[in-house]
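K.L.:
Have a look at the structure that comes next, please.
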């Protein structure tokens, strides 16, 4: 069975600090996709990134970076020089390629508070 | 612009009443989903539909019902059988691409029982 674990329920940091959000996943499949979503206070989930299981290159987008390690089944998300606007709930999710349109499996989310 | 529209944004229900939450998309997506979000619980799947006139129960379907008569629309009815309906409800849609694509989400409906 597929599972996504976000062990950090809540994190608080001071503005300009770096912060890493952890995501550990379980799947028996060799082909799968991992996602990160951001949920700001407005409520709508916003897509941040997708990574397929064959691409272990780390990705950087501005202050955001993602570290995918198949050896540890982790897909961690780092925000560099955090800002108050980064305050949100962040969800990690897993999709099995062979399951067609079956639902994504979400972690329980990590609430990040960035304090000015 | 294409997207998903959920309405209303806020909804109040008296105990014992059924209410229907609207979800409409103009993205031409085949699959649509309903999730419930409670504080600290993450997203829990209520129902989903992969094609018109077909839908499946998710993890917490009891007390809810859905229909999928049109590709664009996937309304969720919260029935009086749902004992604790106060929550934030999110609708999402997805292209059929064997798991490659994630979801597009609506902005949610916050339901409160009064």
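The values are calculated or read from the model by the stated rules, or taken from the named source; none is laboratory data. Just so we're clear, the structure is a prediction, and the values are computed from it rather than from any experiment. Don't worry about glycine lacking a Cβ; one is built from the backbone with ideal geometry, like all the others, and counts go over all protein chains shown.
K.L.:
Just to verify a result, which residue in segment A:23-36, among those that are in contact (Cβ under 8 Å) with a residue 60 or more places away in the chain and under 14 Å from the mean Cα position of the chain (by Cα), is surrounded by the most Cβ atoms within 10 Å (Cβ to Cβ)?
P.N.:
Here the answer is A:23.
K.L.:
A further question on this structure: Hey, could you check segment B:11-46 for residues that are away from chain A (no Cβ under 14 Å) and assigned to a strand (DSSP E or B) and say which is modelled with the lowest pLDDT?
P.N.:
By that ranking, first place goes to B:13.
K.L.:
Still on this structure, please answer the following. Going through segment A:61-84 one residue at a time, which ones are without any contact (Cβ under 8 Å) to a residue 24 or more places away in the chain and over 24 Å from residue A:30 (Cα atoms)?
P.N.:
A:61, A:62, A:63, A:64
K.L.:
Now, a different point. Would you point out the residue of segment B:61-91, among those that are surrounded by 16 or more Cβ atoms within 10 Å (Cβ to Cβ) and modelled with pLDDT under 95, that is farthest from residue A:42 (Cα to Cα)?
P.N.:
The selected residue is B:82.
K.L.:
When both residues are 6+ apart or on different chains and their Cβ atoms are under 9 Å apart, which pairs have a first residue that lies in segment B:103-114 and is more than 8 Å from every other protein chain (Cβ to nearest Cβ), and a second that is surrounded by 21 or more Cβ atoms within 10 Å (Cβ to Cβ) and assigned to a loop (DSSP other than H, G, I, E, B)?
P.N.:
If the second residue must be surrounded by 21 or more Cβ atoms within 10 Å (Cβ to Cβ) and assigned to a loop (DSSP other than H, G, I, E, B), the pairs left are B:111/B:85; B:112/B:85; B:113/B:85.
K.L.:
Do any strands (runs of 3 or more DSSP E) lying entirely in segment A:1-109 carry at least 1 residues that are modelled with pLDDT of 90 or more, and which ones are they?
P.N.:
Qualifying strands (runs of 3 or more DSSP E): A:3-5, A:10-14, A:19-21, A:24-26, A:32-39, A:46-52, A:64-69, A:74-79, A:88-96.
K.L.:
Six or more apart or on different chains, Cβ atoms under 6 Å: show the pairs whose first residue is in segment A:1-21 and free of Cβ contacts under 8 Å to residues at least 40 places away in the same chain and whose second is surrounded by 13 or more Cβ atoms within 10 Å (Cβ to Cβ).
P.N.:
A:7/A:22
K.L.:
Quick check: is even one residue across segment A:86-109 over 19 Å from residue B:45 (Cβ atoms) and more than 14 Å from every other protein chain (Cβ to nearest Cβ)?
P.N.:
Yes - at least one qualifying residue is present in segment A:86-109.
K.L.:
Sticking with this structure for a sec: Does residue A:67 fit the bill of being within 12 Å of chain B (Cβ to nearest Cβ) and in contact with a strand residue (DSSP E or B) (Cβ under 8 Å, 6 or more places away or on another chain)?
P.N.:
no
K.L.:
Follow-up question, since we're still on this one. Return a yes/no flag: does segment B:38-48 have any residue that is buried (at least 22 other Cβ atoms within 10 Å of the Cβ), under 30 Å from residue A:31 (Cβ atoms) and over 10 Å from the mean Cα position of the chain (by Cα).
P.N.:
Yes, there is a match, as at least one residue in segment B:38-48 is buried (at least 22 other Cβ atoms within 10 Å of the Cβ), under 30 Å from residue A:31 (Cβ atoms) and over 10 Å from the mean Cα position of the chain (by Cα).
K.L.:
Do we find a residue being more than 11 Å from the chain's Cα centre (by Cα) and more than 14 Å from chain B (Cβ to nearest Cβ) anywhere in segment A:37-56?
P.N.:
We begin by selecting, within segment A:37-56, every residue more than 11 Å from the chain's Cα centre (by Cα); these are A:39-46, A:52-56.
Cutting the leftovers down to more than 14 Å from chain B (Cβ to nearest Cβ) gives us A:56.
Yes, segment A:37-56 contains at least one residue that is more than 11 Å from the chain's Cα centre (by Cα) and more than 14 Å from chain B (Cβ to nearest Cβ).
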